[in-house]
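The values are calculated or read from the model by the stated rules, or taken from the named source; none is laboratory data. Computed from a predicted model, the values in this text were never measured in an experiment. Here the Cβ is made from the backbone with ideal geometry for all residues, glycine too, and neighbour counts use every protein chain on show. Ligands, DNA and RNA are excluded from the accessible area calculation, which covers all protein heavy atoms including side chains. Shrake-Rupley method; radii C 1.70, N 1.55, O 1.52, S 1.80 Å.
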Amino acid sequence: MSDPLDELFSPRQLKRDADTLAEWGRDWTRSYAVAPSAVVFVESIDDVVKLVQAANQHDFKLVPSGGRTGLSGGAVAGHGEVVVSFDRMNRILDFDPADRLVTCQAGVVTQTLQEFAGEQGLSYPVDFASSGSSQIGGNIATNAGGIKVIRYGLTRDWVAGLTVVTGNGEVLRCNHGLVKNATGYDLRHLFIGSEGTLGFVVEAQIRLAPAPQPQQVMVLGVPEFRDILEVLRTFQGALTLSAFEFFSEQALQKVLAHRNLRRPLPQPVPFYTLLEFDASALEAASEAFEAVVEAGWVVDGVLSQSEAQAAALWQLREGISESIAGYTPYKNDLSVRISQMPDFIETVDALVSDSYPDFEVCWYGHIGDGNLHLNILRPESLSVDEFYQRCHSISPKLFAEVSNRQGSISAEHGVGLLKRDFLGFSRSPEELEIMRGLKAMLDPGQILNPGKLLPLKS
Ligand code: MLT
Ligand code: ZN
């Protein structure tokens, strides 16, 4: 019997060679087996509908694939699934200056959207290190955050309309770019962050923001972890921040070595914060700097003198993830409310030193919005499996601290495979039941991104 995919797609769209399967069958995670059966490069909404219908009819599973920059295994196909790549649905379809709305296909790369916005004298302010390859559909599916959340919010905040194909093969067009729409359940928000388990995002209407003022960047050396929050409080009291990031000296050493960069300050300091703000707020920033030095929270600092220097300082933060990728790090992406942060940091810091005495630990993240990235680096002596098992066995202790503070075990990376079995630390049994009910309604054949996000029932 011939394969239904061969009936539906020509060899131009349907690939089964080993290289394509290996490349498109995974995201940035490296700890999961990758074994898709085929990759389909969809070119239209109709293609997606056809695939979903065929999957229901012939009982095969689909895994959506965007820029493959995910860090939780949400786009890994490990069990013979068919990968649905949106690489060729990469067109900007429409722009309306009066509405400041851009309509784009799911495969548009984030940076392309940012550049397009710039050409219109506007901006798309959601930004992260992977903007050069991540795609808008994947960003929506994971409600991606990044480095400007403190000022501009998450991907969710910029999605004014959404077209999705559900697991039933229905095409839903949600909210149509409206600002105000009080007509009941806003289904758009159900799909944002659903990691392709309820429907595949195929098009989106994205709101654009005014062009930003010129920005200035500061990097400060902070000897004590907990004082980072005092620094945040002082600067936030004095000016509007566009970013407030932090990283540890360990993390800095990795990025300096990997990219061959220079230290931001002459002497190493245990922690650093990176602040970005409108250049017009420089005076207020300088006063805040004096205050944090006087209080003893900050020992030194550097201010960008040009756009090139600002970009160089940003590299110190944005380059970390790539610089530690070779260690197959065990990634934690935690958040608690800012008010809970001082106590949380102290507890987690102690727990980490206790639990991982023989592992190297890199801290960094978007501390200004309550999001900490805690990366445990794999020693060469341990296999990836052994290492992940050891880290997994510690996770419940760490996640219990998150749960005690009603925090999130995945602030921005998504649940995927990595956090699936721990979801109960952030979501109640009642919530999980409702989530399963939604899955059953929108994907009754269980063909969309199986095994991701929702914990398996024991
Ligand atoms: C980052 O903040 O650099 C990204 O979320 C990636 C990472 O955590 O490694
Ligand atoms: Zn991040």
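Please work out the C-alpha center-to-center distance from region 274-312 to region 197-263 and express it in whole Å.
Taking the Cα centre of each part, region 274-312 and region 197-263 sit 13 Å apart.
Report the local net charge at Ser355: Lys and Arg +1, Asp and Glu -1, summed over other residues whose C-beta lies under 13 Å from its C-beta.
Every neighbour counted, the sum reads -2.
Quick one: dipole size for region 320-458, taken about the Cα centre, charges +1 on Lys/Arg Cβ and -1 on Asp/Glu Cβ, in debye to the nearest 20.
Rounded to the nearest 20 debye, it is 540 debye.
Taking the Cα centre of the chain as origin, sum charge times position over the Cβ atoms of Lys and Arg (+1) and Asp and Glu (-1), and report the length of that vector in debye to the nearest 20. Could you put the intermediate results ahead of the total?
Numbers: 38 positive and 57 negative charges, 147 e Å.
Dipole of the chain, to the nearest 20 debye: 700 debye.
Report, in debye and to the nearest 20, how large the dipole of region 1-66 comes out about its Cα centre when Lys and Arg carry +1 and Asp and Glu carry -1 on their Cβ.
The dipole magnitude comes to about 220 debye.
Can you pull the percent of the chain's accessible area that's carbon plus sulfur, 1.4 Å probe, other chains left in place?
The C+S portion of the solvent-accessible surface of the chain is 50 percent.
Can you tell me, using C-alpha contacts under 8 Å and at least 6 residues apart, the relative contact order of the chain as a whole percent?
16
Using the Cα atoms of region 1-158, I'd like the radius of gyration and the largest Cα-Cα distance, Dmax, both in angstrom.
Cα-based Rg and Dmax for region 1-158 come out at 16.7, 56 Å.
How high is the relative contact order of region 58-179, in percent, counting Cα pairs under 8 Å that sit 6 or more residues apart? Please report the intermediate quantities before stating the final value.
On the way: 182 pairs, mean separation 21.8, N = 122.
After rounding, I find 18 percent.
Using 0.36 nm times the number of residues separating Asp343 and Ser44, minus their current alpha carbon distance, what extension gain do you get?
So the chain would gain 102.7 nm between Asp343 and Ser44.
Output the peptides 268-277, 444-453 sorted from most to least packed, where packing is the average of other Cβ atoms within 10 Å over each peptide's residues.
268-277, 444-453
Cα-based count: Lys pairs in the chain below 13 Å, eight or more positions apart or different chains?
4
Under a point spin-label approximation (7 Å from Cα along Cα-to-Cβ), what is the Leu265-Arg16 distance to one decimal in nm?
Here the answer is 5.9 nm between the modelled labels.
From Cα pairs below 8 angstrom and at least 6 apart in sequence, can you work out the relative contact order of region 142-218, rounded to a whole percent?
Taking the mean separation of contacting Cα pairs over the length of region 142-218, I get 35 percent.
What is the log10 of I(q)/I(0) for region 117-165, computed with the Debye formula using one identical point scatterer on each Cα and no solvent, at q = 0.21 Å⁻¹?
Taking Cα atoms of region 117-165 as identical point scatterers yields -0.79.
Please report the antiparallel percentage of DSSP beta bridges with both residues in region 166-275, rounded to the nearest 5.
For region 166-275, the DSSP antiparallel bridge percentage is about 100.
Do any GluC sites (Glu not before Pro) in region 360-429 lie in a DSSP loop with no more than 15 other beta carbon atoms within 10 Å, and if so, which?
For GluC sites (Glu not before Pro) across region 360-429 that sit outside H, G, I, E and B with at most 15 neighbouring Cβ atoms in 10 Å, the list reads Glu380.
Divide by every residue of the chain the summed helix terms, -39500 (n - 2.57) for each DSSP H run of at least 4, and state the resulting mean residue ellipticity at 222 nm, rounded to the nearest 500 deg cm²/dmol.
Calculated from helices alone, the mean residue ellipticity at 222 nm is -10000 deg cm²/dmol.
Taking R0 as 60 Å, what's the FRET efficiency between Asp94 and Ala35 from their Cβ-Cβ distance, rounded to 0.05?
Working: r = 39 Å, r/R0 = 0.64.
The formula returns an efficiency of 0.95 here.
Grab the Cα-Cα distance for Met441 and Val293, subtract it from 0.36 nm times how many residues apart they are, and report the gain in nm with one decimal.
47.6 nm
Could I have the simple spin-label model distance between Leu432 and Leu351, label points 7 Å from Cα toward Cβ, reported in nm to one decimal?
My value for the distance between the label points is 1.8 nm.
Using 0.36 nm times the number of residues separating Glu360 and Val384, minus their current alpha carbon distance, what extension gain do you get?
So the chain would gain 7.2 nm between Glu360 and Val384.
Tell me the per residue accessible area of the chain using a 1.4 Å probe; a whole number in Å² is fine. Could the numbers behind the result be given before it?
On the way: 19610 Å² over 458 residues.
Dividing the accessible area of the chain by its residue count gives 43 Å².
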